[in-house]
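Before any comments, here is the structure.
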Amino acid sequence: MTYGLRNLAQINKENNTAQSQETDKLTSLWERYKKEMRYLRNFEERTLRGYQEVFNRWIKYVGQMPTEQNLSQFVIGMREAGLNTTTYNISIRSFNSFISWLKENGYCPQTFSNGKPFRLTKLPEEKKKLRVFDDEDLAKILSLKPSCKNDRRIYALLCVLIDTGIRINEALNIELARVDFDNLMITITKGKGKKEALQEFAWYAPYLVPHSPKRR
């Protein structure tokens, strides 16, 4: 009996050691992936922090290299933790990026045994109808009469957003040197890869910017 318990303890120890080695290997690969995303694909630190949270969930719920048998374990762990569908799908999209990298480097199978691509599947989300501003709303916003410097800055920002449709973070990061007042073009930085894009703006927009060449 004592020998049997000792043997069982040895088996458990060996299993724990194997689990630890598997986790260490996966973590090492994750660090390689993060470096490539940071330095080769120019991912923002905020994006990488989000990806790190997802990887931490994988370690918590699975802790092993992704396989056909344990992908569902990750899904079940997140659902049991009460994550809503949107958070779940964001996690799936982030971790699928890592899975693609593992596949490219030969650490994961390319497909499931049924021939389908080896990746996590997102859940269907209820499509929410976004409220948009109608002409009356826009007229009220544009009827604002700025009375001080801060008001003029806010008014200029609102006009740029209404005119171009760019994202708020893209608008807030616009630098005056990147605004071409002669050709009415703004160079903006978009998305995770910090790609640059040109965006047209209306002919009247320079007159909303206090220090534009056309106001001097």
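The values are calculated or read from the model by the stated rules, or taken from the named source; none is laboratory data. All figures in this text were calculated on a predicted structure; none of them were measured in a lab. A quick note on method: Cβ atoms are made from the backbone with ideal geometry, for glycine too, and the neighbour counts reach across all protein chains shown.
Do we find a residue being surrounded by 16 or more Cβ atoms within 10 Å (Cβ to Cβ) and either in the same structural domain as K194 (by TED's automatic domain parsing) or basic (K, R) (or both) anywhere in the range 70-88?
The answer is no, given that none of the residues of the range 70-88 is surrounded by 16 or more Cβ atoms within 10 Å (Cβ to Cβ) and either in the same structural domain as K194 (by TED's automatic domain parsing) or basic (K, R) (or both).
Could you list, in sequence order, all residues of the range 89-123 that are assigned by TED's automatic domain parsing to the domain that holds V75, over 15 Å from K34 (Cβ atoms) and of a type in the set (S, T, N, Q)?
N89, S91, N96
At pLDDT 85 or above and in contact with a helix residue (DSSP H, G or I) (Cβ under 6 Å, 6 or more places away or on another chain): which single residue out of R119, R167, R153, R178 fits that description?
Of the residues listed, the single one that is at pLDDT 85 or above and in contact with a helix residue (DSSP H, G or I) (Cβ under 6 Å, 6 or more places away or on another chain) is R119.
So which residues in the range 98-119 are in a helix (DSSP H, G or I) and buried (at least 17 other Cβ atoms within 10 Å of the Cβ)?
Within the range 98-119, F98, I99, W101, L102, K103 meet the criteria.
Could you please let me know if Q52 is modelled with pLDDT of 95 or more and either surrounded by fewer than 17 Cβ atoms within 10 Å (Cβ to Cβ) or farther than 24 Å from T121 by Cα (or both)?
yes
Among the residues of the range 94-145, count how many are small (G, A, S) and in contact (Cβ under 8 Å) with a residue 24 or more places away in the chain.
3
Under the condition of being small (G, A, S) and either in a loop (DSSP other than H, G, I, E, B) or more than 20 Å from the chain's Cα centre (by Cα) (or both), which residue from the range 146-193 is surrounded by the most Cβ atoms within 10 Å (Cβ to Cβ)?
The qualifying residue surrounded by the most Cβ atoms within 10 Å (Cβ to Cβ) is A156.
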